[in-house]
Amino acid sequence: MQQSVWKVRTIVDEHNHELAPAMFTNLLPSHRKMSEGDKAQVDSFKQFGIPTSKIMAYMAGQSGGYSMLRFTKRNLYNYVHGQRLARISDGDAAAIIGYLEGKANVNMMTSARYTRTPDNRLGSLFWADGEMMADYQLFGDVLAFDSTYRSNKYRKPLVVFSGSNHHKQTSIFGFALLEDEEVRTYRWVLLNLLDVMGHKKPCVVVTDGDKAMRAAIAEVIPTAKHRLCGWHLEKNCVQRVKETKFCKVFQKALYANLDINEFEEYWKTAVESLGLQDNIWVQSTYDSRESWAMAYLRGTFCAGYRTTSRCEGINAFVKGFLRSTDSILELVHSLDRVVKDYRNNEVTAQFYSTYYTPVLTTGLDSIELFALKVYTRAVFREVKKQIKGVATLLFRGRDSISTTCVYKFSKMGKPNRTYKVLYDPNEERIECECSMWNSEGIPCSHIFCAMKYEDLEKIPGGLNLSRWCKDAKECRSKPPESTEGHQGLLFRYGALCGAMSVVAKLGAEDANEFVVARDGISRLAAELQRRAYDKLGGPLGLSSLSGLKDPVVSKTKGALRKGKEMHPTSKGEVLMKRRRCTTCGLPGHTKRACTSQRDHGVAGTDTCAVHSSAECSSAKPSAPYTAGRTQDADKDEGIQSENGDNRQTVPDRAEMTSTRSMHGCSHAYCSPHMGVGGGGSNIFLGGQHIEQFFSSQGYSSHVGGSHAVTARLGAFNPTRPTNEDLFEQWLTQNALGRRVQHETRVNTICLCS
C-alpha cells in the first residue's frame with residue numbers, strides 16, 4: 001500500500017461471458033475508434049467536396065474491406081457532422097465574416113462587404129478577391145449576372161457576377177448572397193461592386209429581365225446598356241402567346257441583322273397579319289425593344305452575349321458543389337473551388353493558344369497567319385470564319401473620296417444587299433457599315449475582302465481589340481483615375497509597405513537601431529489602433545461581430561413550379577392557369593373557403609375526399625355512428641345526447657375497425673373509424689348540405705339533431721329510416737350532390753357543422 005504496487009497472485013484465463021465472433025470485432029465499442037490518420041484523411045477528402053458516402057467506400061477498399069476498418073459508417077458521419085458544427089461554433093454569420101476577414105488580412109486584394117438587419121442578423125454579403133478585380137479591369141466592359149436558389153440552408157439567393165475573358169470563357173468577377181430580391185438590395189450590391197472595382201462601370205449589362213434588377217441597374221449604372229436575355233424572351237413568347245407562327249416571327253426580330261426601319265416594318269406587318277395588336281405581352285415587349293432587338297443593339301459591343309446562358313451554366317456547375325443544407329461557410333469554401341476550376345480552364349486555354357498552331361486553310365495565308373499570332377485560339381476560330389467568307393463576296397465597285405477609298409461588296413445570292421467599306425491608307429483605318437467589329441470586336445468578311453484588294457498582309461492595329469489578344473493579361477489597363485474606394489486602399493497599402501521595408505532594412509543593421517525601430521513601430525501601431533477605436537466605436541477584428549446572428553430563411557421569388565399549366569385568353573395572350581374551387585368552379589379560393597353555400601344560407605362547410613386505407617369485409621350496412629345534441633349545446637365544446645347526458649352510440653367493433661379513414665373533422669367524437677362497408681373512396685360532406693334539403697322535406701328535427709349519417713346509394717340511413725328515392729332526389733337536385741354522384745360512390749357523409 002505504501003508503494004502503490006499491485007501484485008498478481010492468481011490468473012483465471014476463463015472468460016465469464018461468451019466471446020464475440022471474429023467477424024464482429026470491428027463493431028465492438030471497445031475496438032471501434034477513428035485514428036488521427038483516419039481523421040486527417042477524411043478532412044482532406046471533405047476539403048475538396050468528396051461526399052461522405054464515397055469517403056467510406058474508398059477507405060473500405062483501401063483497407064481491404066469494411067471489416068478491416070476501425071470504425072463504422074455511423075462513426076464517420078458523426079465525426080463529419082461534429083467537424084461541421086465545430087467550424088461554426090460561434091455562429092454561421094460570425095464564422096463566414098471571420099473567414100473572409102482572414103483572407104483579407106493575408107491578401108489585401110480581397111474585399112468583403114456585408115449588411116446587418118434590424119434584429120442584428122447577417123443580411124447581404126458580397127466578396128471578391130484580387131484576381132477577380134484584375135479580370136474585371138480587363139473584361140468588365142460586359143457584365144452578366146443572375147440569381148440562383150437552393151444553394152444554402154438559409155435559401156439566400158446567390159448572385160454570380162461574370163463576364164467573358166479573352167478565350168471567350170466565363171470569368172467570375174464576384175459573388176453575393178442577398179437578403180432578399182428587392183430593388184434596395186440589388187442597389188446595395190451594385191454600388192459595392194463598383195466601389196470594389198475602382199468605380200469602373202460596364203458598358204453593357206445582361207440579365208434575365210427581373211424588374212428589381214432592371215430598376216437597380218437604371219439607378220446605379222444609368223449609362224450602361226441593359227440587354228435582356230433572348231432565351232427568356234423566347235420562353236415567355238411561347239408561354240404568353242398562343243399563336244405558334246408568332247414565335248418564328250419573334251425569333252427573327254430578336255436575332256436578325258436588320259436595321260431599325262426594316263425591323264419596324266417587319267414587326268408591324270407580322271403583328272397585324274396575326275391579329276395580335278391587343279395582346280398585352282406583345283405590346284409590352286415591343287415597348288422594350290431597345291433592350292433586345294438586334295436592330296437597336298447593332299454597334300453595341302456585347303462580347304458575344306445574347307442570353308444569360310453563361311450565367312445558367314455557372315449556376316448548373318455551382319450546383320455540383322453545393323447542397324441546399326450547406327452553411328454559408330461551406331458555401332464560400334465550395335465557391336472557392338469553383339473559381340479555381342474556372343481559372344484552371346483559362347490556364348489550359350492559354351497553353352493551347354500559345355503552343356499549338358492550327359493548319360492554314362483559307363488561302364489568304366498572310367492574313368490568317370497574322371490573326372493566328374495575335375488572337376487566342378477561340379477568337380481565331382471566329383476570325384477564320386470571316387476570312388473564309390471572302391470567297392462568297394462579289395466586288396461591286398470602288399470609289400474615292402479625298403484620301404478615303406470606298407469599296408462596295410455584296411454576298412452571292414443577295415445582290416440587292418450592298419455593304420460599303422471605308423479605307424483610309426494614311427491612318428490605316430478600315431470601317432464597315434455592317435458594324436460587326438463594333439458588336440463582336442473582330443473584323444468582318446467585308447473588311448478582309450477590302451484588305452485583299454489593298455494587298456494588306458496584316459490586320460490594322462485599330463482593329464485588334466486587346467481583350468481578344470493572347471497577351472490581354474500581360475498589358476494591364478491604365479491605373480484608374482480615382483483613388484477612392486478599395487483601389488485607393490490598395491495604393492496606400494502598397495506605399496506604406498514600401499516605406500516599412502526601408503524601416504525594416506535600416507533597423508536590422510544594428511541592435512540599437514533595431515530597438516529604436518521596434519519601439520517607434522509599436523508607438524505608431526498603438527496610436528493608429530486608438531484612432532481606429534475612436535472612429536469605429538469599438539475594437540478592430542472579430543470582437544465587433546459578437547452580436548451578429550445567423551440569418552433567417554429567406555423568401556425568394558424562384559422559378560415556377562413544374563406542372564404549372566398555361567391557358568390562352570381571348571386576346572391571344574396566354575396566362576397562368578389559376579387554381580379553381582372544385583365546388584363552384586370559380587378561381588381565387590378553394591372549396592374550404594367557398595362562399596357559394598353561404599349565399600344560399602349554408603354555413604361553413606368542410607368537404608374533402610379521402611381514400612380509404614382498408615375495406616370492410618362485412619356485407620351488411622354499418623350502423624350509424626350518431627351523437628345527438630340540443631340547440632343550446634351547439635355553443636359548447638362538448639356534445640350531449642338528446643337526454644342531456646354525455647353518451648355516444650358506438651358502432652359494432654368489427655365494423656369500427658374495418659375501415660380507418662379520417663374525414664378531417666376535429667371533434668373528438670368523430671372517430672377515425674367511421675368509414676363503412678364497400679371498398680373504394682369515402683367522401684365526407686358538410687352536414688348542412690343534406691340538412692338544408694331534408695328540412696324542406698320535413699326531416700329537420702332528425703337530421704339536424706344527428707351528428708353523422710352513414711349511407712350508401714342503396715340504403716340512406718339517418719337516425720331514422722328514410723326513403724331511398726329521397727336521397728336520390730337530393731343527389732340530382734343539389735349541385736354538390738350531383739358532383740358526388742358523378743365522382744364516386746358515397747360511403748360516408750359527415751354532418752358536423
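Looking only at residues that are open to solvent by 10 Å² or more (accessible area, probe 1.4 Å) and either modelled with pLDDT under 90 or of a type in the set (A, V, I, L, M) (or both) in the stretch 149-169, which one is nearest to the chain's Cα centre (by Cα)?
Only one residue tops the list, namely Tyr149.
I want to confirm something. Restricting to the stretch 346-375 and keeping residues that are of a type in the set (Val, Ile, Thr) and within 26 Å of Glu454 (Cα to Cα), which single residue is least open to solvent (accessible area, probe 1.4 Å)?
Ile367
Please go through the stretch 217-237 and pick out each residue that is closer than 18 Å to Val206 by Cα and assigned to a helix (DSSP H, G or I).
Ile217, Ala218, Glu219, Val220, Gly230, Trp231, His232, Leu233, Glu234, Lys235, Asn236
Residues in the stretch 206-214: is at least one surrounded by fewer than 16 Cβ atoms within 10 Å (Cβ to Cβ) and polar (S, T, N, Q)?
No, there is no match, as no residue in the stretch 206-214 is surrounded by fewer than 16 Cβ atoms within 10 Å (Cβ to Cβ) and polar (S, T, N, Q).
For the stretch 483-532, give me the residue count where each residue is modelled with pLDDT under 85 and among the small types (Gly, Ala, Ser).
The number of residues fulfilling the criteria is 8.
Considering (1) modelled with pLDDT under 85; (2) of a type in the set (Lys, Arg); (3) part of a loop (DSSP other than H, G, I, E, B), say which one Lys473 fails and leave the rest.
Result: Lys473 fails condition (1) only.
Does Val421 count as touching a Phe, Trp or Tyr at 6+ places or on another chain (Cβ under 9 Å) and at pLDDT 90 or above?
Against the criterion (touching a Phe, Trp or Tyr at 6+ places or on another chain (Cβ under 9 Å) and at pLDDT 90 or above), Val421 qualifies.
Quick one: would you say Leu322 is in a helix (DSSP H, G or I) and among the aliphatic types (A, V, I, L, M)?
No; evaluated as a whole, the condition is false for this residue.
Out of the stretch 11-32, which residues are assigned to a helix (DSSP H, G or I) and open to solvent by 100 Å² or more (accessible area, probe 1.4 Å)?
Listed by number, the list holds a single entry, Met23.
Somewhere in the stretch 448-456, is a residue of a type outside the set (A, V, I, L, M) and in contact with an Asp or Glu (Cβ under 8 Å, 6 or more places away or on another chain)?
The answer is no; no qualifying residue exists.
The values are calculated or read from the model by the stated rules, or taken from the named source; none is laboratory data. Please read all numbers here as calculations on a predicted model, not as lab measurements. All Cβ positions, glycine included, derive from the backbone under ideal geometry; neighbour counts span all protein chains shown. Areas reflect the complete protein model, heavy atoms only, side chains present, ligands, DNA and RNA absent. Shrake-Rupley method; radii C 1.70, N 1.55, O 1.52, S 1.80 Å.
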